[in-house]
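Single-structure report; data block below.
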Protein chains: 2
Amino acid sequence: MTKSSPLALSNQLCFAFYSVSHAFSRAYRPFLDPLGLTYPQYVVLLVLWEQDGLTVREIGDRLFLDSGTLTPLLKRLEAAGHIRRARDKKDERQVRISLTEMGRTLRENAEEIPRQVGCMLGLPVDELRALTEQVAKLRGRLHDSASLLAKS
Amino acid sequence: MTKSSPLALSNQLCFAFYSVSHAFSRAYRPFLDPLGLTYPQYVVLLVLWEQDGLTVREIGDRLFLDSGTLTPLLKRLEAAGHIRRARDKKDERQVRISLTEMGRTLRENAEEIPRQVGCMLGLPVDELRALTEQVAKLRGRLHDSASLLAKS
DNA sequence: TCGATATAGATTGTACGCAATTGAATTGTA
DNA sequence: TACAATTCAATTGCGTACAATCTATATCGA
């Protein structure tokens, strides 16, 4: 995947995302390891720290993940003592995820992580912000195209 | 991960990459499925189509993957008939990967994929190019910071 | 030359990611 | 009310990622 290769642009872009996403995951690891968390587990907790008591589906909608990924991940978070899983009384199909006291406490220990990772980036804040928006927009387009493709 | 949440920027950026990378993988799937390939397998073939006869390590260096990931992936590509794996005569530690006739032929069937995915993006070419470079630069910084961290 | 060191790839174990299927609960509708 | 369609989470199976470890080969230094 050298710079000189005449590969089509979308391949280059896709690979850039593919590899930078793994690089980010590795960058977070030294900070998450001491907390006993993986990156996907951390992202789920970020969601719950924002809004507790969501259903599995609501978490999945926010993170673009399905129950096949979330169910075992949530079971691991539960086994670690960070969350509780309980069927919704009103609708027994749904499983509501709520933080334990331990899970809430963990938030404080994780507070410094984004700043420390931010230091590794060495880019001005407004550039980071612009990049984030651009990438999110691109993701939106891909989702839209995919759902169009699925309909036909 | 709502827009209104006050999450730190690096978390936002990391999640943007994390989710767009999966979105890309899903976007490629309809085109790769008929060829019997996964996205990582496709990327390995892209490398080999550029330069045949690389060692496992050389492929890993280009893709930022290690033998733990590549060995089973390459075995599947071999089982599918696309590549051959053979110990290097000069240095028996190394395994050289070469395309079979079938693997070379596959290239033509895959030629249209990046153009089709490109259509789903709906962004001007120079914007895509700029984005690709920016993301690659960011990945470089992360790798550098990570190796600095590993040394200390 | 021989032993220590380094390197390449394979293996093991854990954790995603996701398609496909299943089973239970709910909803829509006749 | 009955019952088909829908929804939600769980499960199964496969393919990555990656740390840690192992084995075989190669290289370096005394």
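The values are calculated or read from the model by the stated rules, or taken from the named source; none is laboratory data. All of these numbers come straight from a predicted model, not from anything done at the bench. Note that each Cβ is placed from the backbone with ideal geometry, even for glycine, and that neighbours are counted across all protein chains shown. SASA here: full protein model, heavy atoms, side chains in, ligands and nucleic acids out. Shrake-Rupley method; radii C 1.70, N 1.55, O 1.52, S 1.80 Å.
Considering each residue of the range B:28-48 in turn, at least one proves to be in contact (Cβ under 8 Å) with a residue 40 or more places away in the chain and within 12 Å of DNA strand C (Cβ to nearest atom). Evaluated against (1) within 18 Å of the chain's Cα centre (by Cα); (2) within 9 Å of DNA strand D (Cβ to nearest atom); (3) in contact (Cβ under 8 Å) with a residue 12 or more places away in the chain; (4) open to solvent by less than 30 Å² (accessible area, probe 1.4 Å), A:Val117 falls short on exactly one condition, (2).
Of the residues in the range A:29-52, how many are within 11 Å of DNA strand D (Cβ to nearest atom) and open to solvent by less than 30 Å² (accessible area, probe 1.4 Å)?
In the first step, residues of the range A:29-52 are kept if they are within 11 Å of DNA strand D (Cβ to nearest atom); the result is A:29-30, A:33, A:38-39.
Restricting the remaining residues to those that are open to solvent by less than 30 Å² (accessible area, probe 1.4 Å) gives A:39.
Qualifying residue count for the region: 1.
Is one or more of the residues making up the range A:72-80 touching a Pro at 6+ places or on another chain (Cβ under 9 Å), open to solvent by less than 60 Å² (accessible area, probe 1.4 Å), in a helix (DSSP H, G or I) and more than 12 Å from chain B (Cβ to nearest Cβ)? Yes: one or more hits. For the range A:120-148, a tally of residues being open to solvent by 90 Å² or more (accessible area, probe 1.4 Å) and either basic (Lys, Arg) or within 30 Å of A:Leu74 (Cα to Cα) (or both) returns 4. Restricting B:Leu65, B:Leu48 to residues that are within 12 Å of chain A (Cβ to nearest Cβ), among the hydrophobic types (A, V, I, L, M, F, W, C) and within 21 Å of A:Phe24 (Cα to Cα) narrows the list to B:Leu65. Residue pairs whose Cβ atoms lie under 6 Å apart, separated by 6 or more positions or on different chains, with the first residue in the range A:121-145 and facing another protein chain (nearest Cβ under 7 Å) and the second outside any helix (DSSP H, G or I), are A:Arg141/B:Gly122.
Report, by residue number, each residue of the range B:6-49 that is of a type in the set (S, T, N, Q) and over 11 Å from the mean Cα position of the chain (by Cα).
The first filter runs over the range B:6-49 and keeps only residues of a type in the set (S, T, N, Q), leaving B:10-12, B:19, B:21, B:25, B:38, B:41.
Hits for the range B:6-49 are B:Ser10, B:Asn11, B:Gln12, B:Ser19.
Within the range B:100-107, is there a residue that is over 25 Å from A:Leu142 (Cα atoms), within 9 Å of DNA strand C (Cβ to nearest atom) and not basic (Lys, Arg)? Break it down into steps so the answer makes sense when it comes.
Taking the range B:100-107 and keeping what is over 25 Å from A:Leu142 (Cα atoms), we get B:100-106.
So of that shortlist, the ones also within 9 Å of DNA strand C (Cβ to nearest atom) come out as none.
No, that holds for no residue.
Which one is nearest to DNA strand D (Cβ to nearest atom) among residues in the range A:53-62 that are more than 11 Å from chain B (Cβ to nearest Cβ) and surrounded by fewer than 15 Cβ atoms within 10 Å (Cβ to Cβ)? Within the range A:53-62, the match that is nearest to DNA strand D (Cβ to nearest atom) is A:Arg57. The set of residues from the range A:63-93 being in contact with an Asp or Glu (Cβ under 7 Å, 6 or more places away or on another chain) and near DNA strand D (Cβ under 8 Å from one of its atoms) comprises just one member, A:Arg85.
Taken over the range B:97-114, the criterion of being within 16 Å of the chain's Cα centre (by Cα), open to solvent by less than 20 Å² (accessible area, probe 1.4 Å) and not hydrophobic (A, V, I, L, M, F, W, C) is satisfied by B:Pro114 alone.
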